[in-house]
Ligand SMILES: Cc1cc2nc3c(=O)[nH]c(=O)nc-3n(C[C@H](O)[C@H](O)[C@H](O)COP(=O)(O)O)c2cc1C
């Protein structure tokens, strides 16, 4: 006997079928253009490095979050850094043995396991009580290069101990030569062999996004800081013990590079070089390496993305000195693209600070782990199992 199904029953059955269907299971996912967001409760659960952004936002007071997130003016340089990767596409090669990938990268006689390094970021106690020490421990665990900021909240000596080797040291040059000599001698005595002079912040800046967040912060800053705008007085920052806390002189010129070169045997890199003209001058002044950088969009507004500046700089200095780059790197594919365009190594800033803010050392470790895994995967998918296999032919500019 035929079973007659009422239209109400058939609708119920159809709905039950839909509920059990894998189609509906994914309906909050990419099918509808939106990934499900799950609150991150442990660093190990992060799927990509941007998963740390929201927990970092939640963990930090508004002024500290705003300081990190800020670019300058309308944040256009910051956004350009991120957007630029979208107009570079990969050109994979097939049928290459990619069973093993070797990411090892040599810089000034030291071989690192990956070309990914941790950029100098100042004031890290603002993001986690263990600040630069937690980052150093993570870098040690993940055998990664750490560049320590002059405005570090732990001393270069203590960070060296936590890292198990002296870090690369990022210099904000003091305004007097006497203080510069003292600072450089201290850094040499700490065993540092590489110094990175940041030259893109000599003319001050307009950090509007930071200012807006700061005004929403109702806490009393003098509880922790020594000025009511969250600043610090002389001697508060460990690298300024015994010297005035005054740096980034706007009258610095290429002559200062000559003086620095004479002052120290450390390798000297310039950070913040974005034009082929300056790259050539850097080489002529005996600089040992360049970091193409715009301070993560924190110094000058409406610049080109660093990854777009990279080929010109590489072209200007040839293979004579290594060119590194930072700014907006969030994926292994981003790193791959910069390597293809001639970068020797690639720095990340905010991603590891997100990790630090949310989960301390573990967060930084997970960020390094994810980026390494993504780069490894990209290299294998593109038929470039060694770093040297990644060439301009590995990418296409749209
Ligand atoms: C909160 C914050 C503080 C920074 N402090 C320094 C610093 O002290 N010295 C320096 O050379 N660069 C500093 N930078 C710039 C980074 O070294 C790097 O150039 C930038 O963060 C890379 O861009 P990304 O954040 O998009 O990865 C800072 C960046 C951030 C976000």
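The values are calculated or read from the model by the stated rules, or taken from the named source; none is laboratory data. Given the structure is predicted, the values throughout are model-derived calculations rather than measurements. For neighbour counting, all protein chains shown are included, and Cβ atoms are generated from backbone atoms with ideal geometry for every residue, glycine included.
At-a-glance table
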{"item": "Strands (runs of 3 or more DSSP E) wholly inside the stretch 256-350 that include at least 2 residues being under 24 Å from residue 127 (Cβ atoms)", "result": "323-326, 345-348"}
{"item": "Selection count, the stretch 103-116, where residues are buried (at least 24 other Cβ atoms within 10 Å of the Cβ) and either in contact with a helix residue (DSSP H, G or I) (Cβ under 6 Å, 6 or more places away or on another chain) or under 16 Å from residue 364 (Cβ atoms) (or both)", "result": "1"}
{"item": "Filter result for residue 201 (within 12 Å of the ligand (Cβ to nearest atom), modelled with pLDDT of 95 or more and surrounded by fewer than 24 Cβ atoms within 10 Å (Cβ to Cβ))", "result": "yes"}
{"item": "Hey, residue 298 within 29 Å of residue 48 (Cα to Cα), surrounded by fewer than 20 Cβ atoms within 10 Å (Cβ to Cβ) and within 16 Å of the ligand (Cβ to nearest atom) or not", "result": "no"}
{"item": "Test: residue in the stretch 304-311 that is at pLDDT 95 or above, surrounded by fewer than 18 Cβ atoms within 10 Å (Cβ to Cβ) and more than 29 Å from residue 190 (Cα to Cα)", "result": "yes"}
{"item": "Among the residues listed as 318, 342, the single one being closer than 18 Å to residue 393 by Cα, more than 14 Å from the ligand (Cβ to nearest atom) and without any contact (Cβ under 8 Å) to a residue 24 or more places away in the chain", "result": "318"}
{"item": "Selection count, the stretch 295-310, where residues are out of contact with any helix residue (DSSP H, G or I) (no Cβ under 8 Å at 6 or more places or on another chain) and over 17 Å from residue 202 (Cα atoms)", "result": "1"}
{"item": "Test: residue in the stretch 156-163 that is buried (at least 17 other Cβ atoms within 10 Å of the Cβ) and in contact (Cβ under 8 Å) with a residue 60 or more places away in the chain", "result": "yes"}
{"item": "Test result for residue 244, closer than 30 Å to residue 179 by Cα, surrounded by fewer than 19 Cβ atoms within 10 Å (Cβ to Cβ), away from the ligand (no atom under 15 Å from the Cβ) and in contact (Cβ under 8 Å) with a residue 12 or more places away in the chain", "result": "yes"}
{"item": "Test for residue 333: is it closer than 30 Å to residue 60 by Cβ, modelled with pLDDT of 95 or more, touching a helix residue (DSSP H, G or I) at 6+ places or on another chain (Cβ under 8 Å) and surrounded by fewer than 24 Cβ atoms within 10 Å (Cβ to Cβ)", "result": "yes"}
{"item": "Some residue of the stretch 74-95 being in contact with a helix residue (DSSP H, G or I) (Cβ under 9 Å, 6 or more places away or on another chain), under 30 Å from residue 221 (Cβ atoms), away from the ligand (no atom under 16 Å from the Cβ) and part of a loop (DSSP other than H, G, I, E, B)", "result": "yes"}
{"item": "Residue in the stretch 142-151 that is within 16 Å of the ligand (Cβ to nearest atom), closer than 25 Å to residue 330 by Cα, surrounded by fewer than 17 Cβ atoms within 10 Å (Cβ to Cβ) and under 18 Å from the mean Cα position of the chain (by Cα) present", "result": "no"}
{"item": "Test: residue in the stretch 122-136 that is touching a residue at least 40 places away in the same chain (Cβ under 8 Å), within 16 Å of the ligand (Cβ to nearest atom), crowded, with 19+ Cβ neighbours inside 10 Å and under 19 Å from residue 305 (Cβ atoms)", "result": "no"}
